[in-house]
Structure formats: C-alpha cells, structure tokens
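What follows is a set of notes on a single structure, which appears directly below.
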Amino acid sequence: MAQKTGKALGGKAPNPTRRLRLGLGVMLSLLLVVGGKLFLVQGLDVGGMAEAALNKRMTETVLPAERGSILDANGTVLANSVIRYNVVVDQQLNTKTESYRRLDTVDGKEKLVEVSRDQGLTELAAVLGMDKDAIVKAVTGESRYYIVAKDVKPDVEDRISKLQVPGIVTEGVSKRVYPNGSVAGGVIGFLQEGGSGQAGIEQTQDSILKGSDGKRLFEIGADGLRIPVGVDELTEPEDGKNVKLTINSDLQYFAQQAIQSQADKLSAEWGVIIVMDVKTGNLVAMADTNSPDPNNPGLVAAKDRGVRAVTAAYEPGSVEKMLTAAALIEEGKANPLSEYTLPPSYTVNGQTFTDSFSHGTEKRTLAGILGYSMNTGTVMAGQALTKEQRYDWLKRFGIGQAPDIGLPATASGILTPADQWDGRQEFTVLFGQGVSQSTLQTVRAFQSIANNGVMLQPRLIDSYISPDGTEEKVPSAEPTRVVSDSTAEQVQDILESAVTEGQIKDAAIDGYRVGAKTGTSESPCDDGKSGFCGYTASMVGMAPMDDPRFIVEVVLQRPKGSIYGITNGPVFRSVMSQALRTYNVQPSTGEPARLPQFAK
C-alpha cells in the first residue's frame, strides 16, 4: 500500500523561506535595540556616562603665572619673580609599571612607542643632571608623594613632561627675588608663605602683580598612566603687571646710609628721610633706619618692617610755624617784616610761653620769629587768627588727612576740632604741639609753599607695565591751590632768611639757595603713661630757592644727649646736595633773600 503524503493528509508543507525571514526579523529587531542603546550611550550620552568617565580620567597641573616686577623710576629691578618647578613622584605608581607607551617623534613623525621603566628613569636622570642611582632611589618606595628635585627651570620642566615617566609630575612654584636687598625694603614689602603680599607695595598691589595662573589638563588611564593619545589641553598663564615706582634707587641708597649713620651716631630709636620732587609730587626717596631686606625680613624687628615716613605720627614742633606764617600772610594779618615786641616770656589767657633760649625784651620781625624759632612771637602773631581759622588752615595744608600713595597703615595724624581745644592747645597748635602728623604730611605742606602755593598729592606709584610692554601711567590727583603766589613767595623768603640770617646756617649748600625750618617736640612714652621719654628732632627744607625743585625732611626719634646740641643740618645738606647732583639741577644765579630778623 502506497504511503500517504502530507498533502493527502490535509495539511500544508513547512516553508523554509518563511522561517528564515522570521529569524532574520527577530535578529534585526535585537540589533536595532542594541544599536539604539549604543547610540544613546555613546552618541547622545543621555546619562552623561561618557563625560563622567572622561572627567574621572582627567588630571590637572597648575601653571603658575609669573608675578610682576617692582621697578624704580629708571627701570632698575627692585623685586622680580622666577618660575621654578618641583619634580614629584607617586612611588607606588612608578614601581608597579614595567613599561609604558608615549608619543615620540620618529623620523619627523609622532608615533606611539613602548618605553621601559628603566629607560624612562635613565632619561629623567639625564634631563635633571642627576645620578641615575639617586633617581631610582627617589622613585622607589610606597610614598604617594615624594619630591625628586626642586627649583627646576621651565625649559627642563617641559622636557620632563614630554618623558611621561609613570608617577612623575611637576608642580610650579614662584620664587621672589630682591636684587638690591634692603634698598627701599620697607617700601617694597615682601611675600608671606603662599605667595601673597605681606607688606609695602607687594601687599597693596598684590592683585596687579600676581596675574592669573594657567593649567595643563591631560588624560590618565585606569592604571594611573598618562594616555598618550588622550586629551592634552594647555591654558597659558597670564603674567602679572610690573609696578614702576617714583623712587630713585641710587638716591634711596644714599639717603638710607645717611639716616642710619645719623641715628647710630646719636643713638636715636629711629630716623627717616623723605625726598620729594616739588614739580611732580614724586617721592624719589623714602629712607628708614633698620630697613628690612625683603629676601629675609625676619632679620629685623617687626616694628622696623614698615615705612615710618607714613606710619608714624608725632608732634611736628616748630616746622608748623611755617603754616602759621602762611595763614597770617594770606589772611592779611601780617607780612614778613611785621614787627612784634617780645618779652622774655609771654602770657595770654593765663597760659605762659617761653623760648628755647633766654633773651630780654626784643623787637622782632615775623621773619625773625621764624628764623630763631620763637614760640613767644608765634603765639603773639598767631592771636590775630581766630581758633576756627587756625584749625581751617591746618586742615587746608593737609594736616589730619592721610596721603594715599599706595602703602599700608598710612597715618592720618590727629587734628582735634577747634571747639574741643583746651585753653593751652588753642595756642600750641600754632607752633606744632597739640597736633600730630606724619613726616609725609609735613613734606606735602612744604611742597605747596615751594610750588608757589599749589599742593600736589605725593606720588609713589608711577605706572603699571603689562607683559607686552604697554605702560599705563597712574594719573596724578588734581592739584589744589592752598595759598596765593604772593603768599608762597613771601614764606619762601622767610624760610631762606632762616638760613642766611637766622639760626639754620648749617643747612646752607655751596652754590645753591636753600630755605629750611627746624622742629623739636617732646615724645610721649610708649607705655601710654603721662610724661615724655625724649624728643623728636626734625629739619625740612627746599632748594634751590630761585626755582625750588626738591623738598627734603630729616627726622630723628629720641636721639640721646642734649636736644640743644642736636642738629640734622649736615644730614639735610648731604642728602639735598646728592638729590641736586643726581638730577643735574643747575646752581642758583639770583641773590638769596636776607630778610632782617630784628625790627628797627
């Protein structure tokens, strides 16, 4: 009996093509799902997994900006920075790596090459100029941070980075150098640990000097090794600007030597000298005793690390008589030849005043009162001014107002309002007691007289210089007229006559006309208790008087010995002469003022 076929049984035979199509459809569906997933993960990265993985592999190295230099008026470097690098190693990473890959230039093309650890350390030793055994010892161990070498120069750091030795990285550091040591040390200041300015210009101009750090960003693998073909981004640092000062470093050095010698000779606690250019307000020298060396400021006491010319306020004494004379002349109350009959002592409103020397009843001119620095005559003449006028004129000359020259801790001094003066203070302010001010405030006041009655604000910072050489001048403050040309000229004659006819003959300079005034005041004890612990002795003057160019003030705090035997004349004369020579100021040609000191 023949066998029945499938068709005979009533069913259709299986279709192989159909089954194949079904299988392919399923496979395509799966591929589509997988492909879509891959597209989401790798293409769109909806979850940010790729970016997160990349960020995890990134390592950043800071590239420090070069701190700007501090320059003197002639461009001499007073402070500058050098960039150096420390080479450090992760010993665990280095010792666990037998070989690594890096990009090298082969036949003019960059190629990935295999480098053994031994070869890498040999090359590292050669670049650093170190013995290979020392390098091997330095990178061997369990420390995650070990310094292999310090103070590596930038070109050497670049060669080390290209070696890509496992575990080896570089850290940038900035070293500050002060080539002239203690010359203008207090003015310049110094850096604290971490690189920020601690004092002086370094502190106040820190944001301008420091610039902005850069960075190097590169990719490392799971094994801690740098990926040769991975991300390698470089952001260059933006170096800081240079700060150019008005200081002349040669004159600054001379002034520092002069005041240090004078202070040592008289065993004074401290001394300062200021030299100001009358025509510009530029401070060309600001000398302190015991000036710090910014390379090692700890060698001097903390109290000596500032600039006392601006931080120390004290009673100025008789130099203030110049302000009183100017006020009297400007208010029309007196002139240089106004006459006064002065008794041995003078009493007003129950307050008695005497002079530093004994004398009988004398007839003096106003010029003679200042030429011999007489308190009696100053009070007698000054009574013509109301209390409010006395206060207003002191304020007009800048007393009680701190000059802003870009240094920290600048003193404002003390100028008490007139309605708070007691019965004695209303007279003592006429000759520089009962009021306090810094040396710079006194110099600023005298500058206005030397500049024909126009006050210029003192300048210490001349300009900022960008890394590309662009120089930006720091603008001067608006000048202020304090007194008229005529008043200034008359006061100049009084000051010059104090040298030619009065008691300040030791301020005279051969070939130049000079005007000057001395000042002496009692110095309160530092413990704050009542009483005095010495004197403050000063001399301030201008030259040449036919067209004043410089103001010089010399101050000594608590010199030893009799105050009547102390004079700053020789130091004033020496520093003023040096300033005139340094700036090639021509000798005087006109005849000096010789106002009579006694009335007929």
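The values are calculated or read from the model by the stated rules, or taken from the named source; none is laboratory data. Quick caveat, the model's predicted, so the values are computed rather than measured. So basically every Cβ, Gly included, is an ideal-geometry build from the backbone, and we count neighbours across all protein chains shown. Ligands, DNA and RNA are stripped out before the accessible areas are found, and what is left, the full protein with its side chains, is counted by its heavy atoms. Shrake-Rupley method; radii C 1.70, N 1.55, O 1.52, S 1.80 Å.
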Q. Considering only residues of the range 158-187 that are under 30 Å from S249 (Cα atoms) and in a loop (DSSP other than H, G, I, E, B), which is most open to solvent (accessible area, probe 1.4 Å)?
A. P179
Q: Select from the range 98-122 the residues that are aliphatic (A, V, I, L, M) and under 49 Å from the mean Cα position of the chain (by Cα) and list them in ascending order.
A: L103, L121
**Q.** the range 470-489: number of residues that are open to solvent by 50 Å² or more (accessible area, probe 1.4 Å) and part of a helix (DSSP H, G or I)
**A.** 3
Q) Looking at K153, is it more than 18 Å from V300 (Cβ to Cβ), in contact (Cβ under 8 Å) with a residue 60 or more places away in the chain and not acidic (D, E)? A) yes
Q.
Can you pull out every residue in the range 265-276 that is surrounded by fewer than 22 Cβ atoms within 10 Å (Cβ to Cβ) and touching a residue at least 12 places away in the same chain (Cβ under 8 Å)?
A. L266, S267, E269, W270
Q: List every residue pair whose Cβ atoms sit under 6 Å apart, with the two residues 6 or more apart in sequence or on different chains, where the first one lies in the range 281-300 and is over 16 Å from V554 (Cβ atoms) and in a strand (DSSP E or B) and the second, anywhere, is open to solvent by 20 Å² or more (accessible area, probe 1.4 Å) and at pLDDT 95 or above.
A: N282/R459
(Q) It is to be established whether one or more residues within the range 172-187 are within 30 Å of V300 (Cβ to Cβ), basic (K, R) and in contact (Cβ under 8 Å) with a residue 60 or more places away in the chain. (A) yes
**Q.** the range 294-324, subset open to solvent by 50 Å² or more (accessible area, probe 1.4 Å) and charged (D, E, K, R), residue modelled with the highest pLDDT
**A.** E315
Q) In the range 92-131, what residues are of a type in the set (V, I, T), modelled with pLDDT of 85 or more and assigned to a strand (DSSP E or B)? A) V113, V115
Q: Filter the range 570-596 down to the residues that are surrounded by 21 or more Cβ atoms within 10 Å (Cβ to Cβ) and over 36 Å from the mean Cα position of the chain (by Cα), then identify the one that is farthest from V278 (Cα to Cα).
A: L595
(Q) Among the residues that make up the range 445-456, is at least one of them within 18 Å of the chain's Cα centre (by Cα), surrounded by 13 or more Cβ atoms within 10 Å (Cβ to Cβ) and aromatic (F, W, Y)? (A) no
Q. Of the conditions (1) at pLDDT below 95; (2) of a type outside the set (K, R); (3) touching a helix residue (DSSP H, G or I) at 6+ places or on another chain (Cβ under 7 Å), G534 fails just one. Which one is it?
A. (3)
Q: Out of G368, G382, G398, G377, report the one residue that is of a type outside the set (F, W, Y) and touching a residue at least 60 places away in the same chain (Cβ under 8 Å).
A: G368
Q) Which number in (1) over 32 Å from the mean Cα position of the chain (by Cα); (2) within 25 Å of G590 (Cβ to Cβ); (3) in contact (Cβ under 8 Å) with a residue 12 or more places away in the chain marks the one condition that D510 misses? A) (3)
